[in-house]
Amino acid sequence: MAENVFRHLNPILFLQTFVAQSVEVSAKISSAKGNSRLNYIEQLGLTASGCFEAAYRQEFAQNGPLDHGTYADMIVAIKNKIGGNFSRASSEPGMIRVVNTRCPFGETVMQAPGLCKMTSSVFGGIAARNFGYAKVILEKRIAMGDKMCEARIYTDPKKAISLVGDEYHLERGFVRGKGATVNAQIDRNHHNEKTWCGVSSIQPDNANKVSIVANSPAILNAMEIIKVVAPTTATVLINGETGVGKEVFARRIHALSERKNMNFVPVNCGGIPEHLIETILFGHERGAFTGAYEVHHGLFAQADGGTLFLDEIDSLSLAAQARLLRVLQSGEFERVGGKQRLSADVRIIAAAGKSLDKSTTDGTFRVDLYYRINVIPIYLPPLRERCEDILPLVNQILVQLSSKYNKVINALSEDAIARVLQYDWPGNVRELENVLERSFLFSSGPIMTKLLFSKNTDAIPVIVRQQVDLSLRVAKQRAAGQMETQMLKETLARFDGNVSQTAKSLGVTPRAIHQKLTSYSIDPNNYRPQAKLKISIQREQTSE
């Protein structure tokens, strides 16, 4: 079997394979009724279960029969790989119970509840293959209107004899369900690998969903670093003041990586009580004398195959730092109260609000952990040090607010622009977002004329970084001109070069628009459909 087959398994590949397999016998799915249709879905599930189990065993070096704990870990990991949100739940002796809050088939499952047979046969096929018998009971189902799925798997026929569910038996090397039979010997040939556990070449492009304004040299440099390191597994340390957008950059790294289809799990280390840090990061488990079992998965397990973002890592205690270092070095951890060593394939992106160099010097941060996470350092300067990004950020935020509140405000007045450029923004981008949203809600018309700062900052005097009034006026004029030019071009493009509609949208007269267009040397004809078509044809001819 090809290397890393299990790691490549993802929701899109699973659904593509399900559709492809279904097409081969589409008549059975579209026209078959009752048992025939369910038997076909059961057949798909039993076939898939063999490949899934083989891929999991190879990935985690599992050989021989499974015990109940390892079986539970296997089915949870498999289902989460193909788009579920499963976790092991408290259970009674002789029974494994798992719960789920998300269905791989999405809302479609509401119209086709028979698809739940797929889950039942995957669980039952693996259990029967290893324990000889399984009965799967789907207690709750999203397909039937429940808010979650709950599955119970019994491996002792005596305990399940009076219960109604889907039964699976191992007979002469075959797993037999109600209407389907699949050879229990797992075929590891190339064809079967590609059937359910192959590598899909079609991947959604999530990178563009994480938008970052980058006009200043510092942020442009950070973006270049991200392009280089994102496809790798290198650990990244992001430094910067509170509110500069460290999590946004971490999400960008994840979106540009091969892990983009897996979980991005952010955690604010500073918000976790010290006595709960290890439990939250690594999980905990405990058993009772009755044979019941309770387990809670930690964030490392949730991020398996994906990215774990440790924000405010400098707030961790020295004891927690030592435990984290061991996990980063070995890739293995133990749940609190657990005895089994678990592994997690997790990429770490850490962030700190202050220099860790100083923290290592004063002894509050471990030197060895610092060198472990500081493989690729990225520094994000505060907003006051990258003035080139302020107005583009304002424009981006206004667009988002217009969409959020179904209300159009296209730009700031000149006085508001001056205020934005002069203010020191101690809360950085987060404070800018808050001020603009507050001001947006109380503004009327397409131009925001007044900024509403919070009570705590309203009394703070305006900090003017330019020492010469003339320089400030030039900066204001230049910024206002750039803002107006961008706003005019975007609005013209929206209305296909129609000046009257552009003027109406911006709340000014057509004459004023014509004056601005002349001032900025903008030709509205370039935004009309004929011109766009001509430019497109010219580009195609040039490329040929």
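The values are calculated or read from the model by the stated rules, or taken from the named source; none is laboratory data. The structure displayed is predicted, hence computed values, not measured ones. In this analysis, Cβ positions are derived from the backbone assuming ideal geometry, glycine residues included, and neighbour counts consider all displayed protein chains.
Of all residues in region 496-517, those satisfying the criterion of being under 43 Å from the mean Cα position of the chain (by Cα), modelled with pLDDT under 85, small (Gly, Ala, Ser) and assigned to a helix (DSSP H, G or I) are ALA503, SER505. Closer than 18 Å to ILE41 by Cα, touching a residue at least 40 places away in the same chain (Cβ under 8 Å) and either of a type in the set (A, V, I, L, M) or in a helix (DSSP H, G or I) (or both) - does that describe any residue in region 152-170? Scanning region 152-170, I find no residue that is closer than 18 Å to ILE41 by Cα, touching a residue at least 40 places away in the same chain (Cβ under 8 Å) and either of a type in the set (A, V, I, L, M) or in a helix (DSSP H, G or I) (or both), so the answer is no. Looking only at region 369-384, residues that are buried (at least 20 other Cβ atoms within 10 Å of the Cβ), touching a residue at least 60 places away in the same chain (Cβ under 8 Å) and either out of contact with any helix residue (DSSP H, G or I) (no Cβ under 6 Å at 6 or more places or on another chain) or part of a helix (DSSP H, G or I) (or both) come to 3 in all. If you check THR360, THR279, THR364, THR307 for being closer than 21 Å to SER90 by Cα and among the hydroxyl-bearing types (Ser, Thr, Tyr), only one passes: THR279. Against the list (1) part of a strand (DSSP E or B); (2) touching a Lys or Arg at 6+ places or on another chain (Cβ under 7 Å); (3) not aliphatic (A, V, I, L, M), the condition GLY114 fails is (1).
Being at pLDDT 75 or above and aliphatic (A, V, I, L, M) is the filter; apply it to region 28-50 and report the residue that is nearest to the chain's Cα centre (by Cα). Result: ALA48.
Here region 318-368 is the region considered, the condition is being at pLDDT 90 or above and in a strand (DSSP E or B), and the residue that is farthest from the chain's Cα centre (by Cα) is ALA352.
Just one of the listed residues (GLU247, GLU224, GLU171) is modelled with pLDDT of 55 or more, loosely packed, with under 15 Cβ neighbours inside 10 Å and either closer than 30 Å to ASN434 by Cα or assigned by TED's automatic domain parsing to the domain that holds PRO377 (or both), and it is GLU224.
Per the conditions (1) part of a helix (DSSP H, G or I); (2) in contact with a helix residue (DSSP H, G or I) (Cβ under 6 Å, 6 or more places away or on another chain); (3) not aromatic (Phe, Trp, Tyr), the sole criterion not satisfied by VAL408 is (1). Taken as a whole, region 117-131 holds no residue that is in a strand (DSSP E or B) and of a type outside the set (Ser, Thr, Tyr).
Taking the conditions (1) within 17 Å of the chain's Cα centre (by Cα); (2) modelled with pLDDT under 80; (3) not small (Gly, Ala, Ser) in turn, LYS194 satisfies each one other than (1).
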